[in-house]
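Input: a single structure, listed below in structure tokens.
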Amino acid sequence: MFWPELPSDVREIAERILTAKQLEAWQLELRGLGVRKVAAQLGITKGAASDRLEAAYLKLRKAGVRQDEFGKWYVSEEVAA
């Protein structure tokens, strides 16, 4: 799934809560890059890329952003309400 394909509410939340570096790493991962390729693209270590992605996922989960069993991203109704 690519960034433009995400629901607008998911994109808005991600842009608001993630740091620029976390957002950049997540956007690369959304394009299908693995952690090693994200790291290479950003010129950072694999560990740093993994840390950025883990921090991004934690923030997204806290904000109610979820991924269903088919890989589609959405905002949980419980948190959005």
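A few remarks follow.
- Hits in region 67-81 (condition: closer than 19 Å to Glu5 by Cα and either aliphatic (A, V, I, L, M) or assigned to a helix (DSSP H, G or I) (or both)): Val75
- For Gln67, the test of being in contact with a strand residue (DSSP E or B) (Cβ under 9 Å, 6 or more places away or on another chain) and farther than 13 Å from Ile13 by Cα is passed.
All of the numbers you see were taken from the coordinates with simple rules; none came from a lab. Treat the numbers as computed from the prediction; the structure is a model and nothing was measured. All Cβ positions, glycine included, derive from the backbone under ideal geometry; neighbour counts span all protein chains shown.
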